[in-house]
Each structure stands twice: as structure tokens, then as C-alpha cells.
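The structure appears below as C-alpha cells.
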Number of protein chains: 2
Amino acid sequence: MGQETWAIGVDLGGTKVEVAVVDAGGKILQRLKQPTHVETGPERIMAAIAGMVRQLQDRGPQTPPAGVGVGVAGQVNAATGVVRFAPNLNWREVPLQDRLQTALTLPVVVTNDVRAATWGEWRHGAGQGAQDLICLFIGTGIGGGVVSGGRMLEGCTNTAGELGHITTDLNGPPCTCGHRGCLEALAGGWAIARRAREAIRDAPAAGKAFLQAAGLKEPVAPEDVNARVVAAAARAHDPLARILVDEVARALIAGTVSLVNAFNPCRLILGGGVMQGLPELTERIEAGIRGAALNAAIEGLEVLPARLKGDAGVVGAATLAIRSFAP
Amino acid sequence: MGQETWAIGVDLGGTKVEVAVVDAGGKILQRLKQPTHVETGPERIMAAIAGMVRQLQDRGPQTPPAGVGVGVAGQVNAATGVVRFAPNLNWREVPLQDRLQTALTLPVVVTNDVRAATWGEWRHGAGQGAQDLICLFIGTGIGGGVVSGGRMLEGCTNTAGELGHITTDLNGPPCTCGHRGCLEALAGGWAIARRAREAIRDAPAAGKAFLQAAGLKEPVAPEDVNARVVAAAARAHDPLARILVDEVARALIAGTVSLVNAFNPCRLILGGGVMQGLPELTERIEAGIRGAALNAAIEGLEVLPARLKGDAGVVGAATLAIRSFAP
């Protein structure tokens with residue numbers, strides 16, 4: 001496959017590990033996916049990742065890879081590549097970079113998964129060419145990445161971009177982080193599910209219609225009600241679902257107005273499962289921002305849906321490896 | 001005065017112009033202050049500034065100044081030094097940098113006044129040595145500046161740092177910006193005054209005690225009630241004033257938690273008239289942040305009062321000039 005530059009990107013989450021061969025253009029040439037066996041502990045998981053990387057290495061271009069990039073759902077020490085804390089993996093202080101480097105004899109760079117996805121969107125997705133952008137990923141949780149003046153912001157302890165935990169309603173409902181009224185506690189997938197369950201409980205007749213509109217058959221257990229169900233019912237024009245989606249839109253507008261005023265990005269890129277389930281939100285959020293953010297802060301602003309979807313993590317991790325290690 | 005490096009800093013606001021000779025260590029060697037005669041228009045004001053600069057130039061060190069830095073209360077085009085919009089000066093599209101350069105035959109750099117004050121605190125105040133910091137100035141309005149990875153954030157159209165307009169209560173009261181529930185609409189000086197007037201109107205007996213505690217003699221006009229009065233009554237342990245200050249503290253905690261989670265600074269520096277009037281707020285805000293922000297985001301965090309007070313603007317503007325023009 002010639003002299004091209006390429007790297008291996010790893011997206012390590014609590015449910016699956018994905019590994020891909022990615023070229024310098026951000027194209028995925030090969031990929032492997034496995035469930036993450038969290039219960040087996042970090043050593044086994046790292047061995048499994050090393051095995052997947054080796055398998056793909058043999059299938060990649062003939063030139064050696066620039067290196068390996070890993071995006072992990074947790075807090076990472078940027079200097080050492082140690083995963084400090086990854087709640088979904090139940091990891092604390094795991095020297096991921098060192099272990100993989102030793103196992104693979106390849107250079108390895110480790111970053112947070114949302115940061116990796118931001119690298120992907122920036123270099124090969126909706127952020128291409130921008131020097132100032134925010135990626136906001138609205139899934140079960142809400143996370144983000146910020147590029148300002150052509151640089152990815154890291155912050156003091158490498159946790160810049162926890163955009164799900166900006167206080168959007170200081171009287172709002174509790175968040176999993178311990179605080180209340182965070183953007184995530186109003187518009188993250190888990191919060192949408194919580195709100196839907198409350199609404200169904202408080203208004204049983206409307207709730208029944210909602211569940212029917214979503215295509216759920218009774219009896220429905222509370223845990224069957226999630227953001228996906230809300231999106232399905234909203235698409236079927238269920239009135240309760242529309243109210244819930246209106247609340248989500250309102251929270252996302254308030255939160256993104258904060259981000260636009262604070263960071264003044266040229267592009268705001270919206271991704272994640274909630275946005276994929278309710279794609280019309282992009283337009284609503286953009287209209288809301290244009291009505292509520294400071295004029296000076298939106299002059300250069302474009303609001304765009306994320307482009308790489310589930311591939312942003314592996315593409316971004318590989319992109320970071322190429323940037324870090326390619327000659 | 002020898003071979004030292006120095007510059008002239010200008011702080012141009014809607015009520016006064018201050019011009020100072022500042023050395024490379026951030027020390028003010030000479031200064032001049034005049035009221036801003038907004039009604040005379042930009043040409044006269046620029047001529048007055050040039051006159052003040054010339055006067056000080058003669059009194060500065062014998063070496064020529066590195067240049068002139070201007071912080072202006074408005075939106076500035078960073079590339080051209082044109083003041084795009086300055087509501088308090090009633091300026092639109094004023095080529096401040098060009099005019100001063102021509103008048104003074106010195107290099108001139110123009111920035112926003114809050115950005116200038118952030119430069120001052122960063123290089124010569126409470127931010128010295130930090131690579132990641134936020135300055136939040138809580139005065140009549142609320143503004144800020146952000147340094148991340150050793151660089152001052154500018155944003156897409158040079159308005160990054162509008163930290164007074166992060167939505168802190170999406171159901172909150174209207175803000176002067178047109179939106180509602182902005183941090184400034186809850187904790188800026190004008191909002192504190194609004195809230196105090198409402199409280200006095202709604203609870204006349206408590207209001208009477210409040211005005212007495214603040215040392216105001218009746219009859220008191222609504223416009224006599226301002227943030228300074230609230231601070232005075234709170235210092236005199238007036239119960240209504242304490243409630244108002246508690247509300248302000250709560251809003252500032254919610255807002256600064258957002259900033260800490262989003263930017264992950266090593267230092268959060270709190271300045272401005274409201275903080276000077278209620279200095280105990282610094283500790284309360286710090287305690288609130290430590291209780292509510294993400295653990296990972298506060299590991300490296302210090303919360304400090306601003307140090308340069310009213311001098312931050314001229315010192316910062318001169319510092320930016322030295323940085324931009326000194327050999």
C-alpha cells in the first residue's frame with residue numbers, strides 16, 4: 001500500500017474496545033471491535049488491546065505505523081499517559097502508555113476519549129480548517145473538547161472541556177457529579193430518561209400515549225424508558241415527548257450560549273447519541289444561540305452536526321498519534 | 001533612569017482615561033488621569049490620549065518606550081486595532097491603533113479593557129507564573145480573561161472571555177444583553193442593585209433596617225441603592241443584606257464551577273468592585289467550588305483575590321505593549 005503515513009487508533013470504553021488502521025487523511029482502512037471485559041482487570045484488557053493492534057498491524061500498509069493513539073473514557077495524565085481514573089473501566093492509576101509501548105515496541109499516546117473524538121472532528125470531520133472550535137458530544141453523558149487559536153485546550157490537570165458540567169440551572173436537578181443543574185443533568189441521555197420516567201409517573205394518561213407512540217409494548221419497566229424512546233416518541237409527534245424535547249432544547253441552548261460567549265468559537269460541532277436521535281436539534285440550537293448569545297460572539301459562528309459519528313474516537317486517536325510521532 | 005524597558009499603558013473607559021508609565025517589572029512610574037469627555041467624540045478623545053502620552057513620555061525613563069498599549073471598554077479587532085463597538089464611549093469602527101500610531105510615531109497595540117487587566121494580573125499580579133488561569137472581574141458588569149497553556153485566549157472574533165454571560169440560571173432574570181439568567185444578571189453590580197431595590201420594595205420594614213444599616217438617610221431614592229450599599233449593610237450584619245449577599249455568593253459559586261469545569265485553570269483570580277466591597281466572598285466561592293466542581297478539575301486549583309486592583313488595566317496594557325514591541 002505504498003509509502004503512506006498511517007497510525008493505529010484505539011477507542012477504549014467501558015463496553016467496547018475498537019481498534020482501527022487510519023491513514024493520514026483520516027480514512028479507516030481496517031478495524032476490529034471487541035467487548036471490554038471490565039471484570040478481567042486492566043492487565044488483561046491491555047493485553048487484549050495489544051493483541052488487536054498486532055493483528056491490524058499485519059493488515060495495515062507496508063510502511064511501519066507512526067504509532068498508536070488511545071482514547072480512553074477517563075482522566076489521563078498527559079505527560080505520562082497514565083490513566084488516573086476511569087470509572088467505567090474501574091481503573092485507577094493504570095500506566096496504559098508504558099504498558100502498550102513495552103508490549104508493542106511502538107510509540108503510544110493516550111488521551112481522554114472525548115478529546116480524541118474532538119481531534120477526529122477537528123482534523124477530519126466538521127471542524128476541518130477551523131482554528132477555534134468546540135465539539136460538544138451529547139450522549140448518555142455530555143463531554144466536549146475545545147480548540148482555541150489552533151490548539152487543543154488541556155487545562156491545568158488535563159481535564160479542560162468538561163462541558164457537561166457547566167451549571168445551567170442553579171436550581172436544577174441533581175447531577176451524577178454531586179452538583180446540581182449541570183447541563184448534563186438537564187440534557188444528557190440519562191437525565192432525559194429520568195425526566196421521562198418522572199413525566200410518565202406524574203401524568204399516566206399522557207405517559208401511556210407516549211409509550212405507544214414510541215412503539216413500546218406494555219408492561220414497560222422504568223429502565224426501558226431512555227433517551228432513545230423519547231426521541232422515537234417525539235418523531236411520532238407525541239405531545240409529551242415534544243414537551244420533553246423542548247426542555248432538552250432549552251437547556252442545550254442555555255448551555256451552548258454559555259460556551260459561545262465564554263470561548264467565542266468559529267464552529268460549534270454537536271455530536272453524540274442524543275443529537276443523532278434528534279437531528280433537528282442542531283437547527284433549533286443554532287437559532288436559539290443566534291437569539292441569545294452576544295452579537296460579537298456569534299459573528300464568525302457556524303453550528304454544525306458532527307460528521308464522523310462513532311468513528312470520531314479511533315480516527316482522532318490515530319490522528320493524534322500521527323501528529324505526535326510521524327516524522 | 002538607565003537602560004530599562006518600559007511602555008505606556010492606557011486604560012480607556014466611559015468615565016475616565018488613565019495613562020501610565022510602566023516598567024518591565026509592572027511598576028507604575030508615572031501616571032495621569034482625566035475624565036473621558038464622551039460627548040466630544042472619538043477624534044477629541046484620541047487627541048487627548050495622545051497628549052497625555054506625550055506628557056508622560058517626557059517624564060519616563062531616558063530610553064525610548066517600547067510602545068503604547070491601550071485597553072478599551074469595547075470590542076476590538078485584534079489584527080487592526082480598530083475599536084469595533086464600545087457602547088460606553090458610543091464608538092463604532094474607530095481606528096484607534098492607526099490614529100495613535102500616526103499621532104505618536106510609536107507602535108500601538110489595542111485590546112479590550114478586561115483582557116488588558118487579565119494581562120496585568122497574569123504577568124504582575126495574582127497570576128504570576130501560571131500557565132492556566134482565569135481572571136473574573138465582578139464590577140458593575142462581569143467580564144473575564146482566560147489564559148490556557150500559557151496563551152491568552154482570543155477566540156474567533158477576539159471576544160473570548162465574556163464570562164459574565166454564561167447562563168447560570170436558565171429561568172433567571174433578564175440580562176442587559178437580552179438573554180436571561182446570565183451570571184452578570186445575578187451577581188453583577190447592577191443586578192445586585194436591582195435585586196436590593198426589589199427586596200426593599202417587597203419587604204419595607206426589612207428594607208428600612210437595611211438602609212439604616214448601610215448608613216443611608218431617608219428619603220432614599222431607588223438609584224441610591226447600589227451594590228456598594230448592599231456591601232455596607234452586609235458588613236453591618238443587616239439580615240436582608242446578608243440574604244442578598246448569600247444569593248450573590250450562590251450565583252458566583254455556580255458560575256465559577258462552570259468555568260473551573262470547562263477551563264480547568266490552575267488559578268481563578270477574582271477581582272472587581274463587588275469583590276473589593278465583599279472580600280469575604282473569595283473564601284466562600286473557593287469553598288463552594290471545592291464542594292461542587294469535579295474533583296479532577298480542582299486538583300491544581302488556587303482561588304485568589306486580584307492584586308492590582310484599579311491598576312490592572314494600565315499595567316496590563318503596558319505589559320502587552322512590552323511583549324508586542326520590546327526588542
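Could you tell me which of rounded, prolate or oblate describes the stretch B:221-327, using a ≥ b ≥ c as the square roots of the eigenvalues of the alpha-carbon gyration tensor, with rounded for a/c under 1.5 and, failing that, prolate when a/b is larger than b/c and oblate otherwise? All intermediate terms of the calculation are to be shown ahead of the outcome.
Numbers: a/c = 2.90, a/b = 1.27, b/c = 2.28.
Oblate, because a/c is 1.5 or more while a/b does not exceed b/c.
Taking other C-beta atoms within 10 Å as the exposure proxy, A:89, A:270 rank A:89, A:270 from fewest upward. Inter-copy label distances at residue B:40, shortest first and taken from points set 7 Å along Cα to Cβ: 7.9 nm. Counting neighbouring Cβ atoms within 10 Å and putting the fewest first, the residues B:11, B:132, B:202 line up as B:202, B:132, B:11.
Take the Cα radius of gyration of chain A and divide it by 2.2 N^0.38 Å, with N its residue count; two decimals is plenty.
On the way: Rg = 20.4 Å, N = 327, 2.2 N^0.38 = 19.9 Å.
Chain A yields a ratio of 1.03.
State whether the protein assembly as shown is rounded, prolate or oblate according to the following rule on the C-alpha gyration tensor (a ≥ b ≥ c being the square roots of its eigenvalues): a/c under 1.5 gives rounded; otherwise a/b larger than b/c gives prolate, and the remaining case gives oblate. Cα axes put the protein assembly as shown in the oblate bin.
As a calculated quantity, the FRET efficiency between residue B:224 and residue B:295 at R0 = 56 Å, using C-beta atoms, amounts to about 0.80. With R₀ set to 51 Å, the beta-carbon distance separating residue B:103 from residue A:302 gives a calculated FRET efficiency near 0.85. For the protein assembly as shown, the number of Lys pairs separated by eight or more positions or lying on different chains, with C-alpha atoms closer than 17 Å, is 10. Net charge dipole, the protein assembly as shown: roughly 20 debye, given to the nearest 20, about the Cα centre with Cβ charges of +1 for Lys and Arg and -1 for Asp and Glu.
At an R0 of 35 angstrom, the distance between the Cβ atoms of residue A:151 and residue B:59 translates into a FRET efficiency of 0.30. Note on the stretch B:192-246 and the stretch B:74-130: Cα centroid distance 37 Å, given to the nearest whole angstrom.
This model, with +1 at the C-beta of Lys and Arg and -1 at the C-beta of Asp and Glu, gives the stretch B:116-220 a dipole about its Cα centre of some 340 debye. Label-point spacing for residue A:324 across the identical copies (point 7 Å from Cα in the Cβ direction), in nm and ascending order: 3.7. Annotation: for a label point projected 7 angstrom from Cα along Cα→Cβ of residue B:29, no residues of the stretch B:115-159 have a backbone N closer than 12 Å.
Rounded to the nearest 500 deg cm²/dmol, what is the calculated helix-only ellipticity per residue at 222 nm for chain B, with -39500 (n - 2.57) per DSSP H run of length n ≥ 4? Kindly include the intermediate steps, with their values, before the conclusion.
Details: 12 runs with 138 residues, N = 327.
Computed ellipticity for chain B at 222 nm equals -13000 deg cm²/dmol.
Distance between the modelled labels on residue B:242 and residue A:37, one decimal in nanometres: 6.1 nm (7 Å Cα→Cβ projection).
Neighbour counts of other Cβ atoms within 10 Å put B:325, A:137, A:263 in the fewest-to-most order B:325, A:137, A:263. Farthest toward the dipole's positive end in the stretch B:168-327, which of B:263, B:327, B:297, given Cβ charges of +1 (Lys, Arg) and -1 (Asp, Glu) about the Cα centre? Projecting each Cα onto the dipole axis, the largest value belongs to B:327.
Using the membrane-span-like helix rule (whole DSSP H runs, Cα extent along the own axis of at least 24 Å, mean Kyte-Doolittle hydropathy at least 0.5), which helices of chain A qualify?
Numbers: long enough: A:42-59 (26 Å, -0.18); A:239-263 (35 Å, 1.19).
Span-like helices, by this rule, are A:239-263.
Values in this text are rule-based calculations from the coordinates and carry no lab data. Owing to the predicted nature of the structure, the values given are computational and were not obtained by experimental measurement. Methodologically, a virtual Cβ is constructed for each residue, glycine included, from the backbone with ideal geometry; neighbour enumeration extends over all protein chains shown.
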